[in-house]
Amino acid sequence: MNYRPTSVLLAIATVALFGAVARADAPKEVKTEKNKPVFLGNFLSAPNNCSSNPGPVPLPKLREKPANGVVGLQIVAADVAATDACAARKMPAIAMFYTPRKDFVGKDSVQVEFETGGDNKIPGLSFLITVEAGEK
């Protein structure tokens, strides 16, 4: 089976797929304001047959939990960009987000690995999260 998580970065209210998956040794830097959750990524398995039914999605598992917040998962409808062979479509995905501890300001980090149920190796993801004080 072909598993491939696609990392997605949310620019405040927009979900847009990006092509580069962060490597575990090069953390993706993310910023938010205190008391505000931030989107970390969507994970999906788009089939090659252009269907809207997802393939098996690897389960994200925290390798390093955040020290000053929590990570949550939610099922969402993600946009899959059009390719030469397939039209754009929506399909179910697992969205991951970080919520800082109440009134926390500073840096936190998260590392995620994926359980595939097989011998397939999927690169882990690392996030360096900066929680800023925001407007007063």
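Annotations
- Some residue of region 108-130 being over 17 Å from Glu29 (Cα atoms) and aliphatic (A, V, I, L, M): yes
- Complete set of residues in region 12-28 that are loosely packed, with under 12 Cβ neighbours inside 10 Å and modelled with pLDDT of 80 or more: Ala26
- Enumeration of residues in region 55-103 that are basic (Lys, Arg) and under 19 Å from Pro27 (Cα atoms): Lys61, Arg63, Lys65
- Scanning region 30-66 for residues that are in contact with a strand residue (DSSP E or B) (Cβ under 6 Å, 6 or more places away or on another chain), of a type outside the set (D, E, K, R), open to solvent by 70 Å² or more (accessible area, probe 1.4 Å) and more than 17 Å from Glu113 (Cβ to Cβ) yields one hit, Pro37.
- Annotation: Thr32 fulfils all but one of (1) modelled with pLDDT of 85 or more; (2) of a type outside the set (Phe, Trp, Tyr); (3) more than 19 Å from Ser109 (Cα to Cα); the unmet one is (3).
The values are calculated or read from the model by the stated rules, or taken from the named source; none is laboratory data. Quick caveat, the model's predicted, so the values are computed rather than measured. In this analysis, Cβ positions are derived from the backbone assuming ideal geometry, glycine residues included, and neighbour counts consider all displayed protein chains. Remember, those area values only see protein heavy atoms, side chains included, never the ligands or the DNA or RNA. Shrake-Rupley method; radii C 1.70, N 1.55, O 1.52, S 1.80 Å.
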